[in-house]
């Protein structure tokens with residue numbers, strides 16, 4: 001049976017907020033202000049909190065159009081690189097980006113019922 005911490009993907013640790021948290025925890029460990037085990041528990045709580053908030057609180061939708069540059073499927077994870085992409089938000093605002101990476105995972109991890 002999976003542990004509570006392993007139920008959540010660690011994808012958001014590579015976001016700007018996740019990177020800042022990881023850097024801060026590394027600094028605290030280096031300064032011997034916290035133990036590495038505490039940092040791992042904090043990161044596991046971060047993984048859970050981000051996944052729960054995105055699932056429960058975010059209701060906005062968007063559409064996008066661009067040129068698919070690269071795609072791959074490995075270990076039940078899809079990765080898409082899209083170039084020259086335009087996003088259209090709920091409020092009809094539009095955003096352009098030169099390149100976007102989209103990572104898509106199943107809500108249930110392999111082996112879960």
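Here are the numbers for this structure:
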{"item": "Extreme residue, nearest to residue 105 (Cα to Cα), among residues of segment 11-33 that are surrounded by 14 or more Cβ atoms within 10 Å (Cβ to Cβ) and touching a helix residue (DSSP H, G or I) at 6+ places or on another chain (Cβ under 8 Å)", "result": "12"}
{"item": "Pick from segment 82-112, criterion modelled with pLDDT under 90 and surrounded by 12 or more Cβ atoms within 10 Å (Cβ to Cβ), ranking: nearest to residue 61 (Cα to Cα)", "result": "105"}
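The values are calculated or read from the model by the stated rules, or taken from the named source; none is laboratory data. This is a predicted model, so every value here is computed, not measured. Every residue, glycine among them, receives a Cβ derived from its backbone with ideal geometry; neighbour counts consider all protein chains shown.
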